[in-house]
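*Asks:* Let me give you the structure first, and then I'll get to my questions.
The values are calculated or read from the model by the stated rules, or taken from the named source; none is laboratory data. If you're wondering where the values come from, they're calculated on a predicted model, not measured in any experiment. Here the Cβ positions follow ideal geometry from the backbone for every residue, glycine too, while neighbour counts run over all protein chains shown. The protein model used for the area step is the full one, side chains on, heavy atoms only, and it has no ligands, DNA or RNA in it. Shrake-Rupley method; radii C 1.70, N 1.55, O 1.52, S 1.80 Å.
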Amino acid sequence: AFQRRVWQQIAAIPLRRTRTYGEIAGLLESAPRAVGQACGANPFPLVIPCHRVIGANGKLTGYAGGLTIKQYLLELERF
């Protein structure tokens with residue numbers, strides 16, 4: 001149930017926007033690490049765009065496909 005709530009929050013992130021793990025955790029009254037674990041369990045990474053979730057310092061962190069792919073997807077969305 002928690003993972004689905006995280007995924008709903010992530011799916012609501014608009015194109016060309018990002019949210020931090022902490023922002024999502026705050027909305028769900030949870031911990032950023034728990035949000036990261038839910039991202040890692042995402043079975044549909046292009047439908048539920050976990051690449052739009054970044055670290056609190058604005059840096060790219062954690063992505064099942066690797067940070068290079070995460071960066072590529074974010075850059076692709078900018079066009």
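*Asks:* Restricting region 1-18 to residues that are basic (Lys, Arg) and in contact with a Leu (Cβ under 9 Å, 6 or more places away or on another chain), which is modelled with the highest pLDDT? So that I can check it myself, show each step before the final result.
*Replies:* Initial filter on region 1-18 (basic (Lys, Arg)): 4-5, 16-17.
Filter once more, so that each one left must be in contact with a Leu (Cβ under 9 Å, 6 or more places away or on another chain): 5, 16.
Working: Arg5: 97, Arg16: 92.
Filtering first and then ranking leaves Arg5.
*Asks:* Among the residues of region 19-29, are any under 21 Å from Phe79 (Cα atoms) and modelled with pLDDT of 90 or more? Step through it out loud before you land on a result.
*Replies:* Let us first name the residues in region 19-29 that are under 21 Å from Phe79 (Cα atoms), namely 19.
This time we only want the ones that are modelled with pLDDT of 90 or more, so: 19.
Yes, region 19-29 contains at least one residue that is under 21 Å from Phe79 (Cα atoms) and modelled with pLDDT of 90 or more.
*Asks:* I'd like the full set of residues that are of a type outside the set (A, V, I, L, M, F, W, C) and surrounded by 19 or more Cβ atoms within 10 Å (Cβ to Cβ), limited to region 20-35. Break it down into steps so the answer makes sense when it comes.
*Replies:* Filtering region 20-35 down to residues of a type outside the set (A, V, I, L, M, F, W, C) leaves 20-23, 26, 29-30, 32-33.
Within region 20-35, just Tyr21 meets the criteria.
*Asks:* Within region 62-79, count every residue that is over 20 Å from Gln8 (Cα atoms) and at pLDDT below 90. It would help to see each step written out before you state the result.
*Replies:* Within region 62-79, the subset over 20 Å from Gln8 (Cα atoms) is 65-69, 71-72, 75-76, 78-79.
Imposing the further condition that a residue be at pLDDT below 90 reduces the set to 65-66, 78-79.
Counting residues in region 62-79 that are over 20 Å from Gln8 (Cα atoms) and at pLDDT below 90 gives 4.
*Asks:* Same structure, new question: If you take the residues in region 49-76 that are more than 9 Å from the chain's Cα centre (by Cα) and open to solvent by less than 30 Å² (accessible area, probe 1.4 Å), which one is nearest to Gly26 (Cα to Cα)?
*Replies:* Taking the candidates together, the pick is Gly55.
*Asks:* List the residue pairs whose Cβ atoms are under 9 Å apart, where the first residue sits in region 46-67 and is in a strand (DSSP E or B), the second is surrounded by 20 or more Cβ atoms within 10 Å (Cβ to Cβ) and among the charged types (D, E, K, R), and the two are 6 or more positions apart or on different chains.
*Replies:* Qualifying pairs under 9 Å: Ile54/Lys70.
*Asks:* Which one is nearest to Ala1 (Cα to Cα), of the residues in region 12-43 that are among the hydrophobic types (A, V, I, L, M, F, W, C), in a loop (DSSP other than H, G, I, E, B) and in contact (Cβ under 8 Å) with a residue 24 or more places away in the chain? Show your work before the answer.
*Replies:* Within region 12-43, the subset among the hydrophobic types (A, V, I, L, M, F, W, C) is 12-13, 15, 24-25, 27-28, 31, 34-35, 38-39, 41.
Checking which are in a loop (DSSP other than H, G, I, E, B) leaves us with 12-13, 15, 31, 41.
If we keep only those that are in contact (Cβ under 8 Å) with a residue 24 or more places away in the chain as well, we get 13, 15, 41.
Numbers: Ile13: 19, Leu15: 25, Ala41: 13 Å.
Among residues in region 12-43 that are among the hydrophobic types (A, V, I, L, M, F, W, C), in a loop (DSSP other than H, G, I, E, B) and in contact (Cβ under 8 Å) with a residue 24 or more places away in the chain, the one nearest to Ala1 (Cα to Cα) is Ala41.
*Asks:* When the residues of region 1-11 are filtered to those that are without any contact (Cβ under 8 Å) to a residue 12 or more places away in the chain and part of a helix (DSSP H, G or I), which remaining residue is farthest from the chain's Cα centre (by Cα)?
*Replies:* First, the residues of region 1-11 that are without any contact (Cβ under 8 Å) to a residue 12 or more places away in the chain: 1, 4, 8.
Filter once more, so that each one left must be part of a helix (DSSP H, G or I): 4, 8.
Working: Arg4: 13, Gln8: 11 Å.
Per the stated criteria, the residue is Arg4.
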